[in-house]
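Take this structure first; my questions come after.
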Amino acid sequence: MKRKRASSRRMKRKRRILFRVMTVIALMMALIPCGIAAWLYTHPVRLISTVIKHELTEPFDPWENVEKLYFADRSSVKIDSAADVDKIGDYPVSYTCHGRRYEATVQVRDTTPPTLKVRSCSTDLAEELKPEQFVEETSDATEVTVQFKDGAPPSRDGTFDVPILATDSSGNQTVRNASLTRIKDEIPPALHGVEDVELLQGRPMDFKKGISVEDDMDPNPQFSVSDDHVDFTVPGTYSVVYKTKDRSGNVGEFMRKVKIRKDKDYERKIVYLTFDDGPSDNTEKILDVLKHYNVKATFFVTGNNQKKNDVLKRICKESSAVGLHTYTHDYAQVYASEDTYFTDLQKISDMVKKTTGKESHIIRFPGGSSNTVSAKYSPGLMTLLTEKVVEKGYQYFDWNCDSTDAGGNNVPAETIVKNATSCDARHINILMHDTDAKDTTVEALPAIIEYYRSRGYAFEPLTVDSAPIHHTVNN
Ligand SMILES: [Zn+2]
């Protein structure tokens, strides 16, 4: 009985112990996940790496470095990134969530070699080749330099592989083989524009003008001309010799015949009296003086005073010349462009033809061909116009003697005479003006005519064949 009771007590104690153990285990089983969960809640972000290797210019997404989020979603993570993907460098990026901050470094690097597309070249033995000539296209996030991988290609004839090496700023490299064919060039350059030419005595010409040289291999062949022996003042037939040369040393020779025709007026002493800007109230008075002395002159007219246009008929009838000075004489309009100049010239040409029945081919540019005002409206225009007008069959005339009557209204007649008689040349072109206000020009005219007449000069109207006085073009 006693033994039975003792055994029952032991059993109870065992059960109690077991219960306690089980309770502790159960408590622990319950607490560990709670602990883990609590720890994870305070460490919510797991990054793939604290060093992010990133390719230059590629778009950067900081989320790609996040492996897992615990007890958090993307909206609870604040990301700060200073990464500039267009610039090589190390940049910080941080992820903050549930009060904990994780830091990583973005290493922006260029590890991609440049793309390179090459092309083949065909040339002579002389050309010094540059690697760029073999490059069709290359591209990279950074600047690319190209070079010959094995040094300069051979300069003998044949076909060769030429390895081209492209290197970007980070040292990444690409090599491609281009093909080079070299052929011995044995053909001299051809010359165009060397047709025989006929000139009037005393009209110099630039023998380099209008010449073009062309070679089958050399893109920049040279030519020279020997024309020192041509005397433009002495009639006769001259041979001008041109030589062409390419970089391979091939030399071509071309002959051009230049015939200088005698100009019956060339040796004579001639004054060309010229009056710009008319017609005006003074045109008749000028014509009366000319008639009195039986001399001829030239009137470069505009379209600005057409009520006086009848006097143009008298100019023609009395064998003086009507020239074209432009229709508007408005610099801004006339010198705006080649087109506006020629549109205006056509208008004054039509006006003169309609009034006088004669077409005029003689021109005076407003301000002369040396004017610099035109540069304000169209740089280089005078260089172009002086060539184009001659190509179109006109001749333009400047002056080598300025009466200075444009210096103001009523410049004293003595001043005009003094300046208009100060020129010493075989052919003298005197600039004067024909406007309502230029009364002193009319007054000065007799003394000017008498001065030159006493020195054996003839007074003639300009024609398209008259020896042109040309200023130096300044625009
Ligand atoms: Zn004028």
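Just one of PRO44, PRO62 is touching a Ser or Thr at 6+ places or on another chain (Cβ under 6 Å), modelled with pLDDT of 85 or more and not small (Gly, Ala, Ser); which is it?
Exactly one of PRO44, PRO62 is touching a Ser or Thr at 6+ places or on another chain (Cβ under 6 Å), modelled with pLDDT of 85 or more and not small (Gly, Ala, Ser), namely PRO62.
Specify which of the listed residues (ASP398, ASP339, ASP350) is buried (at least 18 other Cβ atoms within 10 Å of the Cβ) and either part of a helix (DSSP H, G or I) or modelled with pLDDT of 95 or more (or both).
Answer to the check: ASP398.
Here is a yes/no grid of residues against (1) closer than 19 Å to PHE459 by Cα; (2) within 16 Å of the ligand (Cβ to nearest atom); (3) touching a residue at least 24 places away in the same chain (Cβ under 8 Å):
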{"position": "ASP350", "(1), (2), (3)": "no, no, no"}
{"position": "GLY367", "(1), (2), (3)": "no, yes, yes"}
{"position": "ALA375", "(1), (2), (3)": "no, no, yes"}
{"position": "THR386", "(1), (2), (3)": "no, no, yes"}
{"position": "VAL390", "(1), (2), (3)": "no, no, no"}
{"position": "TYR394", "(1), (2), (3)": "no, no, yes"}
{"position": "THR421", "(1), (2), (3)": "yes, no, yes"}
{"position": "ARG426", "(1), (2), (3)": "yes, no, yes"}
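Given the criterion more than 16 Å from the ligand (Cβ to nearest atom), aliphatic (A, V, I, L, M) and not assigned by TED's automatic domain parsing to the domain that holds LEU290, identify the matching residue among VAL442, VAL473.
Result of the check over VAL442, VAL473: VAL473.
Hey, VAL77 hits all of (1) in contact with a Lys or Arg (Cβ under 9 Å, 6 or more places away or on another chain); (2) crowded, with 17+ Cβ neighbours inside 10 Å; (3) of a type in the set (A, V, I, L, M, F, W, C) but one; which does it fall short on?
(1)
Now a separate question. Between residues in segment 433-453 that are over 16 Å from LYS291 (Cα atoms) and of a type in the set (A, V, I, L, M, F, W, C) and residues that are outside any helix (DSSP H, G or I) and more than 16 Å from the ligand (Cβ to nearest atom), which pairs lie under 8 Å by C-beta distance while being six or more apart or on different chains?
ALA437/ASN410
While we're on this one: Select from segment 289-308 the residues that are within 16 Å of the ligand (Cβ to nearest atom) and assigned to a loop (DSSP other than H, G, I, E, B) and list them in ascending order.
Correct list: THR302, GLY303, ASN304, ASN305.
For segment 223-275, what are the residues that are under 17 Å from LYS209 (Cβ atoms), within 34 Å of the chain's Cα centre (by Cα) and hydroxyl-bearing (Ser, Thr, Tyr)?
The answer is SER224, SER226, TYR242, THR244.
One line per residue, one yes/no per condition, for (1) assigned to a loop (DSSP other than H, G, I, E, B); (2) at positive phi; (3) surrounded by 12 or more Cβ atoms within 10 Å (Cβ to Cβ); (4) not aliphatic (A, V, I, L, M):
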| residue | (1), (2), (3), (4) |
| --- | --- |
| ARG176 | no, no, yes, yes |
| ARG203 | yes, no, yes, yes |
| PRO219 | yes, no, no, yes |
| LYS243 | no, no, yes, yes |
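The values are calculated or read from the model by the stated rules, or taken from the named source; none is laboratory data. Remember, predicted model here, so these are calculated numbers, not experimental data. All Cβ positions, even for glycine, are placed from backbone atoms using ideal geometry, and neighbour counts span all protein chains on display.
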